[in-house]
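Before any comments, here is the structure.
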Amino acid sequence: MADRGCPLEAVPLPAEVRESLAELELELSEGDITQKGYEKKRAKLLARYIPLTQGVDLPLQAEPRTPGPSQSVVAAPRQQRLRPTNSRDERFRSDVHTEAVQAALAKYRERKVPLPSKRRSVLVPSSAEACTPPDTSSASEDEGSLRRPGQLPSTALQSRASAESWPERAIQGSSSSSSASSTSSHAGGTPAGHAHLELRSAPPDVTTGLIQHRLCERPQPGSMRGAPRSSGSLLDTAGGVPVNSRVSSKIRQLLDTLKRPKRPPLREFFLDDAEEVLGVQQPDPNRPKPEGSQMAVLRGEPLAAGTPWPPSLLAALQRWGTTQPRAPCLTALDTTGKAIHTLTYGKLWSRSLKLAYTLLNKLTSKNEPLLKPGDRVALVFPNSDPVMFMVAFYGCLLAELVPVPIEVPLTRKDAGSQQVGFLLGSCGVTLALTTDACQKGLPKAQSGEVAAFKGWPPLAWLVIDGKHLTKPPRDWHPASQEAGAGTAYIEYKTSKEGSTVGVTVSHASLLAQCRALTQACGYSEAETLTNVLDFKRDAGLWHGVLTSVLNRMHVVSIPYALMKVNPLSWIQKVCSYKARAALVKSRDMHWSLLAQRGQRDVSLSSLRMLLVADGANPWSISSCDAFLNVFQSRGLRPEVICPCASSPEALTVAIRRPPALGGPPPRKAVLSMHSLSYGVIRVDTEEKLSVLTVQDVGQVMPGASVCVVKVDGAPYLCKTDEVGEVCVSSNATGTAYYGLPGVTRNVFETVPVTAGGVPVSDRPFTRTGLLGFVGPGDLVFIVGKLDGLMVVGVRRHNADDIVATALAVEPMKFVYRGRIAVFSVTVLHDDRIVLVAEQRPDASEEDSFQWMSRVLQAIDSIHQVGVYCLALVPANTLPKAPLGGVHISEAKQRFLEGTLHPCNVLMCPHTCVTNLPKPRQKQPDVGPASMIVGNLVAGKRIAQASGRELAHLEDSDQARKFLFLPDVLQWRAHTTPDHPLFLLLNAKGTVTSTATCVQLHKKAERVAAALTDKARLSVGDHVALVYPPGVDLIAAFYGCLYCGCVPVTVRPPHPQNLTTTLPTVKMIVEVSKSACVLTTQAIMRLLKSKDAAAAVDVRTWPTILDTDDIPKRKVASVFRPPSPDALAYLDFSVSTTGILAGVKMSHAATSALCRSIKLQCELYPSRQIAICLDPYCGLGFALWCLCSVYSGHRSVLVPPLELESNVSLWLSAVSQYKARVTFCSYSVMEMCTKGLGAQTGVLRMKGVDLSCVRTCMVVAEERPRLALTQSFSKLFKDLGLPARAVSTTFGCRVNVAICLQPNRLGKLAEQGTAGPDPTTVYVDMRALRHDRVRLVERGSPHSLPLTESGKILPGVKVIIAHTETRGPLGDTHLGEIWVSSPHNATGYYTVHGEEALHADHFSARLSLGDTQTIWARTGYLGFLRRTELTDASGERHDALYVVGSLDETLELRGMRYHPIDIETSVIRAHRSIAECAVFTWTNLLVVVVELDGLEQDALDLVALVTNVVLEEHHLVVGVVVIVDPGVIPINSRGEKQRMHLRDGFLADQLDPIYVAYNM
């Protein structure tokens, strides 16, 4: 990274003090002074300035600073700061930059953010797991909302107390924007002192994890929907237990650090009715703008005329090979530094000829030559074998073949290997050349052949060691060697996105490049060049393989493996071979600095050019300066260091030349980072934190022209003070991307134009991909690469700059070998910066988090940009590039696919995502009358609908006769005593019990007698029925009715899970005021067992009677209720929001319910239906216990619990008993879909046939699950299930059956059907958030499929009402479904009888229009649509669509979200996500994800979940919790209980694998 000048203090040091400091540095680096003496002298020099720098730590002050943009050289950074040789790649390191970063960090108050919480099994063993790090903040807050450092509590006790009072503080400190913006650095300000807020929280107790049975309900006291939950204290859980655990305290800390958007109350009509528009970041009016004049094209010196150049490179090779055969051409070294092979020009020529002859004449395929001139050939050689590579390269050129050098594939899954395969395939490569040793090391298939690599074409491998080649006959000569336009070789290049392309270089360009390099570098015959670079591509190839042959030079090639062992090896070789030139990267200079201690005998005086190949990289300047400082005393002259810039497309762009070759003096520029991000060059004068110091890369190449054009849009010339893309026009550039003519035109045939649109030249230019400008003295400056450019908002940032900043934060202490990848991902139409670093193997959780938060602060201060995601991966796990660097595009690909496997993640979407749509503001009050007028004006009909009229349908005498169910049962026992009503199956499919009309009647009589005699109950007492699903439950129910008691059905406790299921039983018994419990002997023993005593107080049970062995006795007379409005039974259930509520059902409502279901489903005594539902509440209870007695049909009862041991039980029963109508729940349907997916063939062989089914209804209190019903239909179509059989129902607490889709086959009444098919519509999800319904086409963006919930039952009326004004709504609006029907429940049964709630839910009236009708509020949002279909009566069919529960909706950013929509998006994000649930806590969106995979993959999900919710719902996720499968509680109906989950989360009972707090 570039040096960034940094303000050491408010007052700059005088020049003479600076000089003295620089001299001191030099003395120290030379070893002329001890460390102690150095510090003493330095302290003396700085003594009078120290009081000015109190905010900065002393080590920080003890740093030199870069002089301004002058031509002087920077003083050496202290050698004592340098790390020992075992710490590798510090390529980005710069001590001056470190100083800038430390100063930036000092400006931050150390504030707390919560440490992610991680399960022990996922933790890397560390010493300080449970501690929260002291410095973890990521973004600064408004000054007003911060407490001053002096007021911070110092002790853990105080800080805990202050954290407890977060609700008050959180509310006061809220701000209207959701993005906590980054601080900009202020010049000259004294950094604030470090204030530590010690908040240590106890580690979570993971031993008491919530062991939850999947199908259990956990109620919350509180009896009805409208009651405010947890209103007393936000810190109380459901049971009133104060929450003070790790998770909840973390959330409290998080709330303190987040800025919260104010939430406007949600209303229907908004000021802006257009759809959500993403915010477009407006350009800063004060941003710097370019002010210079338009630049002119810069022309290099002409290529020297008169020099006798050979006509081609091959002619030069032939000349040297025949006239100077003994001259050394190339020396290869082994890993100890010994010369293992010196290739002479004679050997190179003869071996190349042999190879050319072999390739052209000895390789055949079906008697045809395998290769013909112009074919492409892959060169696969390791970095340690330059000799064989050179022979192969020149052999191909002599045979007129095109070499394509690539890396050696080490494994079948190398990073980027597949893309290289695509390149080879598109180039038509069929042959690969390699060495014997290399071929032996390649992965092999079973046959012993080289394995086929993923994405690679089939290749023949040719080993080119001498013994495999044939000597050509004397009369054989290679073809003519003119340098023409034909392709000489192809160099691969990997783009930012990871795709690999081949840059073709023609013979003419090759020669021109060699001539230009010879002239620019002043190469002469027999010079020695030391090459540390990769000789297969780029500068290593151009200098070390091509230009060297043109000039008969001797190249000493230093392999990467040797540099790793001995970083000084290249300097030693320069010294021993008296090399005149050396070719290195800044990394190599840096490594040698680390290793040079004690090496007194090296001398670099022979060097006339030290070419720094990556001199264009911003961090190379510090390496060059530091290297010069240390080695100047060893003979290195300052003018010898020559940075250069190159690109695969344009080859060499510019080289700095020594004065001897006519180069101007070198220059530096200290540029403002802020201006650079706007593409403007401003020499920085004030702000010393955010600067970039760059050095020139010299002059334009001989014979070339250079200009700088705008990065975006048409290639207009830049102004002189503007950064753009450097373009080169010369004979020595690449000619095309192989096989990509379109991209080639854009890159290789660009025509730059002036502001007036006039082309600047008649010759095309090549875009280099380098960003830079032309500075004073016609020197080229490079500030970055197009591939590393990240455009965030309107500003541009360079990946390398951000890497440098991150590495300057305690660089080697934490990041493993400096391995960091920075790239951008597009989320919500903008680039978001992602930083991934490898952490050292011994790093603790606390170190990791502290480092991450410091990096965020440093990048925020220096670049004024937020990091979207910061991830840490274990050492050595980032994908590697061929020479050890990080393979960026592959790392990005893994990040997006969720295969990076980080061990720590920090997401900061709140800070970065600033282009969210504006939160909705409500319109000033719009009354119900205005809405109706608005609907009328718009031509919208009022949304109301009703089922068929009951009066027309049935004889009213029968309705009167069947008013009381006990009477019906007696009548049936009398008239059709042996008619079967019930048949119960067990898991094996055998019938365990049956009941005819008379058997049920007699059983009921016995129960009634026992209740009156044994339990001494009187009329109106409540009785709890705790039975497993079966006939006993039905008999007990009618027994209660026979003696005038009120039955309450209760699900029995689960024997394996008493602790969670028994309290629910106890609560229902107590809340319902049951005077007696009826049950079986087995359950009675369970209720009184020791295990039960541990869960509840068993002494307080009411009388418990078991009905297994009650005597046969008759009741004197069956009780007849005084009026139809008398209470028949209580229906208790736990809602999805976790509230336990019991509703009262009168006799009239009960019989009306049975009558409507009978009419809708055409149930007669001759029918058989199969029921696979729980019989304890709602429609499941009605179908199981009531309907058969009323209608007389036979019910085949299949308890859902039995499906756990035999999944096919229900479908087999349907087939066996030829059930025409069957009912199930979503959880049953899901079990069948998942468990029988692969077994349909087996079932068919067993004779399962579902063609008898006319209607299969799913009983639910939620939005129909379309995907599940469709996959069920498709799956069992093979077993004869009719395509239209599956349909949905809808009921709720206030009315258990509002819609049932009846059996049908067609759309018209004459076909004998009861109604049309259910219709599916696609609505715009964005409009739905504003309570509006807009239909869209299938597959359009943001479309959500909704299917109607079934046909409205006879006698039922439905209207859609506004949730607040209670006015009727039009059919284009989403509102609450209100229902009026004879079978509405009569009210809540509550302990205290809260009348207000009763009136609210069961006797609501519209505020306008029909104000007389009494409605019940369902608590569900939905809409009505008139369809084109007609029902049996010829009327147009009104379809009711249920969207979701009003209680469950999330109100965020002024809009209404339905959890299921967010959950559906999240489940799609990654294949390992098994299930998901979302809820809000204060204003944070919490996403809980069940991981179906390995725990170490858990953290991959955090970024994917955050991305998908941002993209599809424009919401920022606050917390991502990753848990084991089965943790999300689900009730018996298969519905998620999100509020239980929320309580479990806040009480820290989920035992999460990982909790990530997004900042």
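The values are calculated or read from the model by the stated rules, or taken from the named source; none is laboratory data. The structure displayed is predicted, hence computed values, not measured ones. Please note: Cβ atoms are built from the backbone with ideal geometry, for glycine as well, and neighbour counts cover all protein chains shown. What goes into the accessible areas is simple: the full protein's heavy atoms, side chains included, and nothing from ligands, DNA or RNA. Shrake-Rupley method; radii C 1.70, N 1.55, O 1.52, S 1.80 Å.
Can you tell me which residues in segment 965-1021 are open to solvent by 50 Å² or more (accessible area, probe 1.4 Å), out of contact with any helix residue (DSSP H, G or I) (no Cβ under 9 Å at 6 or more places or on another chain) and under 19 Å from I1110 (Cα atoms)?
T1012, D1013, K1014, R1016
Does any residue of segment 299-318 turn out to be open to solvent by 80 Å² or more (accessible area, probe 1.4 Å), at pLDDT 90 or above and in a strand (DSSP E or B)?
The answer is yes, given that some residue of segment 299-318 is open to solvent by 80 Å² or more (accessible area, probe 1.4 Å), at pLDDT 90 or above and in a strand (DSSP E or B).
Would segment 409-418 turn up any residue that is in a helix (DSSP H, G or I), over 24 Å from L313 (Cα atoms) and under 46 Å from the mean Cα position of the chain (by Cα)?
Checked against the condition, which is being in a helix (DSSP H, G or I), over 24 Å from L313 (Cα atoms) and under 46 Å from the mean Cα position of the chain (by Cα), segment 409-418 yields at least one hit.
Residue check: is G739 at pLDDT 95 or above and touching a Cys at 6+ places or on another chain (Cβ under 9 Å)?
no
Within the set of pairs 6 or more residues apart or between chains, which connect a residue that is free of Cβ contacts under 8 Å to residues at least 12 places away in the same chain inside segment 630-654 to a residue that is in a strand (DSSP E or B) and open to solvent by 10 Å² or more (accessible area, probe 1.4 Å) with Cβ atoms less than 6 Å apart?
Pairs found: none.
Between residues in segment 788-800 that are touching a residue at least 60 places away in the same chain (Cβ under 8 Å) and within 13 Å of G769 (Cβ to Cβ) and residues that are among the basic types (K, R) and open to solvent by less than 30 Å² (accessible area, probe 1.4 Å), which pairs lie under 7 Å by C-beta distance while being six or more apart or on different chains?
As it stands, the answer is none, since no pair meets every condition given.
Could you say whether any residue in segment 322-333 is crowded, with 22+ Cβ neighbours inside 10 Å, in contact (Cβ under 8 Å) with a residue 12 or more places away in the chain and part of a helix (DSSP H, G or I)?
Looking through segment 322-333, none of the residues is crowded, with 22+ Cβ neighbours inside 10 Å, in contact (Cβ under 8 Å) with a residue 12 or more places away in the chain and part of a helix (DSSP H, G or I).
What's the number of the only condition in (1) open to solvent by 10 Å² or more (accessible area, probe 1.4 Å); (2) within 27 Å of V747 (Cβ to Cβ); (3) under 40 Å from the mean Cα position of the chain (by Cα) that A512 fails to meet?
Every listed condition holds for A512 apart from (3).
Identify the single condition in (1) over 30 Å from C427 (Cβ atoms); (2) not in a loop (DSSP other than H, G, I, E, B) that V747 does not satisfy, given that it satisfies every other one.
(1)
Working only within segment 1348-1363, note down all residues that are among the charged types (D, E, K, R), part of a loop (DSSP other than H, G, I, E, B) and more than 37 Å from the chain's Cα centre (by Cα).
Hit for segment 1348-1363 is K1351, nothing else.
Name the pairs whose Cβ atoms lie under 8 Å apart, with the first residue in segment 1015-1035 and closer than 27 Å to I1171 by Cα, the second of a type in the set (D, E) and surrounded by 24 or more Cβ atoms within 10 Å (Cβ to Cβ), and 6 or more positions between them or separate chains?
Once the first residue is closer than 27 Å to I1171 by Cα and sits in segment 1015-1035, its partners that are of a type in the set (D, E) and surrounded by 24 or more Cβ atoms within 10 Å (Cβ to Cβ) give P1029/D1174.
Scan segment 938-950 and tell me whether some residue there is modelled with pLDDT of 65 or more and of a type in the set (D, E).
Yes - at least one qualifying residue is present in segment 938-950.
Would you mind telling me which numbered condition in (1) assigned to a loop (DSSP other than H, G, I, E, B); (2) open to solvent by 10 Å² or more (accessible area, probe 1.4 Å) E846 fails?
All conditions are met except number (1).
Go over the candidates R832, R819, R854 one by one and state the one that is at pLDDT 85 or above, in a strand (DSSP E or B) and open to solvent by 10 Å² or more (accessible area, probe 1.4 Å).
Going through R832, R819, R854 in turn, just one is at pLDDT 85 or above, in a strand (DSSP E or B) and open to solvent by 10 Å² or more (accessible area, probe 1.4 Å): R819.
Quick one: count up the residues across segment 1132-1180 that are among the charged types (D, E, K, R) and buried (at least 24 other Cβ atoms within 10 Å of the Cβ).
Counting residues in segment 1132-1180 that are among the charged types (D, E, K, R) and buried (at least 24 other Cβ atoms within 10 Å of the Cβ) gives 2.
Write out, first by first residue and then by second, each pair whose Cβ atoms fall under 8 Å of each other, whose residues are 6+ apart or on separate chains, and whose first residue, in segment 1139-1154, is over 13 Å from G1387 (Cα atoms) while the second is of a type outside the set (A, V, I, L, M, F, W, C) and assigned to a strand (DSSP E or B).
From segment 1139-1154, the pairs are I1139/Q220; L1140/Q220; L1140/S1133; T1150/Y1129.
Being in contact (Cβ under 8 Å) with a residue 24 or more places away in the chain and in a strand (DSSP E or B) is the filter; apply it to segment 340-356 and report the residue that is most open to solvent (accessible area, probe 1.4 Å).
Per the criteria, the residue is H341.
Between residues in segment 445-473 that are of a type in the set (V, I, T) and residues that are modelled with pLDDT of 85 or more, which pairs lie under 6 Å by C-beta distance while being six or more apart or on different chains?
Pairs that qualify, where the first residue is of a type in the set (V, I, T) and the partner is modelled with pLDDT of 85 or more, are V450/L442; V450/W461; V463/D436; V463/Q439; I464/L355; I464/A392; I464/L433; T470/T358.
Scan segment 1026-1040 for residues that are open to solvent by less than 10 Å² (accessible area, probe 1.4 Å), in a helix (DSSP H, G or I) and of a type outside the set (V, I, T) and jot them down.
If the condition is that a residue be open to solvent by less than 10 Å² (accessible area, probe 1.4 Å), in a helix (DSSP H, G or I) and of a type outside the set (V, I, T), then L1033, A1035, A1036, F1037, Y1038, G1039, C1040 are the ones that fit.
Exactly one condition in (1) open to solvent by less than 10 Å² (accessible area, probe 1.4 Å); (2) touching a Ser or Thr at 6+ places or on another chain (Cβ under 9 Å) is false for L1484; which is it?
Answer for L1484: the failing condition is (2).
Of the residues that sit in segment 1530-1539 and are open to solvent by 10 Å² or more (accessible area, probe 1.4 Å) and in contact with a Pro (Cβ under 8 Å, 6 or more places away or on another chain), which one is nearest to L1173 (Cα to Cα)?
S1532
Report, ordered by the first and then the second residue, all pairs with beta carbons closer than 8 Å, sequence separation of six or more or different chains, a first member in segment 668-681 that is on the phi > 0 side of the Ramachandran plot, and a second member that is open to solvent by 20 Å² or more (accessible area, probe 1.4 Å).
From residues that are on the phi > 0 side of the Ramachandran plot, the pairs are G679/P290; G679/V711; G679/E722; G679/R796.
Among the residues of segment 754-765, is there at least one that is part of a strand (DSSP E or B), open to solvent by less than 40 Å² (accessible area, probe 1.4 Å) and out of contact with any strand residue (DSSP E or B) (no Cβ under 6 Å at 6 or more places or on another chain)?
No: zero hits.
Per-residue answers, yes or no, for (1) open to solvent by less than 60 Å² (accessible area, probe 1.4 Å); (2) at pLDDT below 90; (3) not basic (K, R):
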| residue | (1), (2), (3) |
| --- | --- |
| S417 | yes, yes, yes |
| Q446 | no, yes, yes |
| H468 | no, yes, yes |
| Y492 | yes, no, yes |
